[in-house]
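Colleague: Encoded as C-alpha cells, here's the structure I'll be asking about.
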Amino acid sequence: MKQKFSIVFLLMAVLFTVCLIASNLFATKVFAIGNISLPGAVIIFPVSYILNDCFAEVWGYRKARLVIWTAFAMNFFVVVVGQIVVWLPSAPFWDGGAHFDYMFNMAPRVTFASLLAFLAGSTLNAFVLSRMKVAQKGRGFSWRAIVSSIAGECLDSLVFMPIAFWGTGIRQLPVMMLCQVSFKVLYEIVILPITNIVVRKIKAVEGEDAFDENISYNPFKIKDI
C-alpha cells in the first residue's frame, strides 16, 4: 500500500529538527529575569514540544516517534561534525576560534545528557498525549496537551540536569529544574490558543485525526509507521 505524502508533515518535521539543534546552540547563552537565570534554549525548545503535540494529535504516536528519532539523529550529526570542525586548526588570520569553540565544543557529558533527555522527554510527551486522546475519545485537546507537556518537560529536566551537572556541587539544582519546567510549561499554556487553531487547521487540510488503538508503544520500533 502506497503511503500518503504530506508536505505539511514534512515542513513541520524540519521545523521540529531545527528547534532541537538551535536549542543546543542557544543554551550557551544564559539570561536573567530578576533573580532567575535561564539558558537561552528555553525560548525555542518549548516549540518542539508544541510541534510534538501536533504530530501525536494529528498523525498519531508512530509518526511522532519517527520525527523524534529523525531529529535525534540529525542533532547527533551536527554535534559530531561540529566537534570535528572544532578540532581543525584555525587559520592564522582568523580570530574567531575561541568563540566558535565555545559554541560547538560541548562537553561529552552535556551532549549525552541533552540527547538522552530530549529522546526520553519527547517520547513520553507523545505517549501521554496519545493515550489520553484514546481515553478521552478525541475530546479535550488543550488538557492533554498541557498534561503531556508537563510529563515530558519534567522527565527532560530530571534526565538532563543530574547528568549534566553531576559532581559540580550546585545546590540550586532542584530550583533550576523547577524554574525551567515552569517556564516551559507556562510558555506552552500562553501559546495554547494558537496551537489549538493550528491543530484544527491541519486536521481539516490533511484529513487526518489518528487514534492510536492496538499499536506498539515501543520507542525503538521506528519502522512501524
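Colleague: Name every residue in the range 57-83 that is hydrophobic (A, V, I, L, M, F, W, C) and either farther than 21 Å from Thr17 by Cα or touching a Lys or Arg at 6+ places or on another chain (Cβ under 8 Å) (or both), in order of residue number. Reasoning before the result, please.
Modeller: Residues of the range 57-83 that are hydrophobic (A, V, I, L, M, F, W, C), as a first pass: 58-59, 64, 66-69, 71-74, 76-81.
Val58 - this is the single residue of the range 57-83 that is hydrophobic (A, V, I, L, M, F, W, C) and either farther than 21 Å from Thr17 by Cα or touching a Lys or Arg at 6+ places or on another chain (Cβ under 8 Å) (or both).
Colleague: Let me ask something additional. Which one is least open to solvent (accessible area, probe 1.4 Å), of the residues in the range 133-157 that are farther than 21 Å from Val47 by Cα and assigned to a helix (DSSP H, G or I)? Talk me through it step by step, then tell me what you get.
Modeller: Filtering the range 133-157 down to residues farther than 21 Å from Val47 by Cα leaves 134-139.
Cutting the leftovers down to assigned to a helix (DSSP H, G or I) gives us 134-135.
Details: Val134: 33, Ala135: 81 Å².
Checked the range 133-157; the qualifying residue least open to solvent (accessible area, probe 1.4 Å) is Val134.
Colleague: Looking at Ala71, Ala91 in this structure, which one is open to solvent by less than 50 Å² (accessible area, probe 1.4 Å), touching a helix residue (DSSP H, G or I) at 6+ places or on another chain (Cβ under 6 Å) and either within 18 Å of Tyr217 (Cα to Cα) or not hydroxyl-bearing (Ser, Thr, Tyr) (or both)?
Modeller: Values: Ala91 fails: touching a helix residue (DSSP H, G or I) at 6+ places or on another chain (Cβ under 6 Å).
After ruling out the rest, the residue left standing is Ala71.
Colleague: Could you say which residue among Val81, Val110 is open to solvent by 20 Å² or more (accessible area, probe 1.4 Å) and free of Cβ contacts under 8 Å to residues at least 12 places away in the same chain?
Modeller: Values: Val110 fails: free of Cβ contacts under 8 Å to residues at least 12 places away in the same chain.
Residue meeting the stated conditions: Val81.
Colleague: Right, here's the next one. Looking at Ile50, is it surrounded by fewer than 16 Cβ atoms within 10 Å (Cβ to Cβ) and assigned to a helix (DSSP H, G or I)? Steps first, answer last, please.
Modeller: Values: surrounded by fewer than 16 Cβ atoms within 10 Å (Cβ to Cβ): no; assigned to a helix (DSSP H, G or I): yes.
So Ile50 does not fit the description; no.
Colleague: For the condition within 15 Å of Asp156 (Cβ to Cβ), touching a strand residue (DSSP E or B) at 6+ places or on another chain (Cβ under 7 Å) and modelled with pLDDT under 95, what is the one hit in Pro46, Pro39?
Modeller: Pro39
The values are calculated or read from the model by the stated rules, or taken from the named source; none is laboratory data. Source: prediction; values computed, not measured. Glycine gets a Cβ as well: all are built from the backbone with ideal geometry, and neighbour counts include every protein chain shown. What goes into the accessible areas is simple: the full protein's heavy atoms, side chains included, and nothing from ligands, DNA or RNA. Shrake-Rupley method; radii C 1.70, N 1.55, O 1.52, S 1.80 Å.
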